[in-house]
1. Do you know which residues across the stretch 121-167 are under 33 Å from the mean Cα position of the chain (by Cα), among the acidic types (Asp, Glu) and either crowded, with 18+ Cβ neighbours inside 10 Å or not in a loop (DSSP other than H, G, I, E, B) (or both)?
2. Out of the residues in the stretch 332-364 that are outside any helix (DSSP H, G or I) and among the small types (Gly, Ala, Ser), which is surrounded by the most Cβ atoms within 10 Å (Cβ to Cβ)?
3. Criterion first (closer than 17 Å to ASP452 by Cα, touching a Cys at 6+ places or on another chain (Cβ under 9 Å) and surrounded by 13 or more Cβ atoms within 10 Å (Cβ to Cβ)) does ALA390 satisfy it?
4. Can you find, within the stretch 125-161, the residue that is nearest to GLN54 (Cα to Cα) among those that are polar (S, T, N, Q) and out of contact with any Leu (no Cβ under 7 Å at 6 or more places or on another chain)?
5. Filter the stretch 102-130 down to residues that are of a type outside the set (S, T, N, Q) and touching a Ser or Thr at 6+ places or on another chain (Cβ under 7 Å) and give me whichever is farthest from ASN145 (Cα to Cα).
6. Only one residue in VAL397, VAL464 is of a type in the set (A, V, I, L, M), closer than 28 Å to ALA298 by Cα and assigned to a helix (DSSP H, G or I), so which one is that?
7. Which of the following residues is in contact with a strand residue (DSSP E or B) (Cβ under 7 Å, 6 or more places away or on another chain) and either modelled with pLDDT under 90 or crowded, with 19+ Cβ neighbours inside 10 Å (or both): ASP280, ASP296, ASP306?
8. Tally up the residues in the stretch 416-433 that are of a type in the set (Gly, Ala, Ser) and either under 18 Å from SER386 (Cβ atoms) or not in a strand (DSSP E or B) (or both), please.
Amino acid sequence: MSRTRTRIPVVAIVGRPNVGKSTLLNRIIGRREAIVQEQPGVTRDRKEVDAEWQGRTFRLVDTGGWLPGGNSLDDKVSAQSERAMAEADALLFVVDSRTGMTEEDSRVAALLRRLDKPTFVVANKIDHVARAVDAWEFVSLGLGNPFAVSSLHGLGTGDLLDALVEALPSGEATPSAAHGPSAAHGPSAAAIGSADDEDDDFEEPGGVGDAADELFSVSIVGRPNVGKSTLFNRLIGDERAVVHDMPGTTRDAVDTIVETDFGPVRFVDTAGMRRRSRIDEATEYFSMVRALQAVDTADVALLVIDSTQGVTHQDQRLAERVDGAGCPVMIVLNKWELLDAEARQDVSAQVSDRLRFLGQAPLLKVSALTGRGVQKLLPSLGATISDYHARVPTATVNRVIRAAQAAQPAPGGARVLYATQGASDPPTFTLFTNRELPATYLRYLERRLREDCDLGSTPLRLRVRRRS
């Protein structure tokens, strides 16, 4: 799968918390990609997106606020920010012109001066040209003249981007398997290591992701604090996501492309999803919306369950939501090493009983922390990918449809006259009928096609064309 491509320059947006880094990212790419909230600490993981200005493409990395010396979570977020600084080709150092220069700004500036990389001081929150003079206070940081910018309103961002792309290194050819939005180099497959809530529906998202992206996408979903980010880091072989034992550490969907034996695969770490009545802040609401969007655009979902808590009612509701999106599910029982033999038997019985509606969904028992059992995930995922790319001969499709109709005719005299597979990724079948087919009968035909054509748990699409 390897091929040569041009390396895209990387630009990291850094600074202390709550200075407008995520707002600047959203302004540059022209859409609300990063979650923005008027409180510090919303961004925690590194989030990467592709951006373009004046014909130059570069990878933009949003980081959490750099604030070492706080609690253990602050230190981990700061470490992620420092890694982004070290790996970037250029840096956008965002400061808050309203509050003026702080001691933390000076400490960040000292760190950036040692890196000796093209660095642009972005004096943010200059919402009127009359306030542009406020930016000059930051000349004393020793990183050159600041750019007076309003990330919220777009003031001054054009001049900033003109200077940025001029300083970016020219692209160089490097061997790589794939790249895309939020792409990062991952290891090969061989390098991957050996309380009940009550009812209430999950809130539906207001939109979907980029449907034009054709990379195979795997979303890691589950309740808060079940080990999703630990599993994500284990799979990609890098600490991209901040891992902490406090629920709700992950706020936004973070994705990385990994080259596997089955081709490039995008793994997406999502925020933990709670029932709607438990969501008490806007940030958590948008985190959940992003997680549901990741599910809606995923080709496979890894449903991570905390084995020590068993299959909760909330796990059931989330599984129903993922299944309803038409996304095949792989069940991952995490923290399996903490259970004794009796507890393991009980949890396995809960999966069979409470998640039986998922059918023959693959079941994996792993320890994301130690890596035990994780090596079985990619082969199982590979079978799903193979089914995702499957092509079924037209003769076989029509034989299965005829047998299904003979066993159970459609109501009202409706029948399928002819069927063919029109596309793959996922397998898509076109049914030519004499009348409209009820949704229940289409689900029956879908199940027969899946079983008789050995298509596993991959999603299937049925398109009905009525002949006059």
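The values are calculated or read from the model by the stated rules, or taken from the named source; none is laboratory data. Here the structure is a predicted model, which is why all the values come from computation and not from measurement. Virtual Cβ from ideal backbone geometry, glycine too; neighbours counted across all protein chains shown.
1. ASP159, ASP162, GLU166 - these are the residues of the stretch 121-167 that are under 33 Å from the mean Cα position of the chain (by Cα), among the acidic types (Asp, Glu) and either crowded, with 18+ Cβ neighbours inside 10 Å or not in a loop (DSSP other than H, G, I, E, B) (or both).
2. Going through the qualifying residues, I end up with ALA361.
3. Taking the combined requirement at face value, the residue satisfies it.
4. THR157
5. Going through the qualifying residues, I end up with ASP127.
6. Criteria check complete, one pass: VAL397.
7. Selected residue: ASP306, the only one of ASP280, ASP296, ASP306 that is in contact with a strand residue (DSSP E or B) (Cβ under 7 Å, 6 or more places away or on another chain) and either modelled with pLDDT under 90 or crowded, with 19+ Cβ neighbours inside 10 Å (or both).
8. So the answer is 2.
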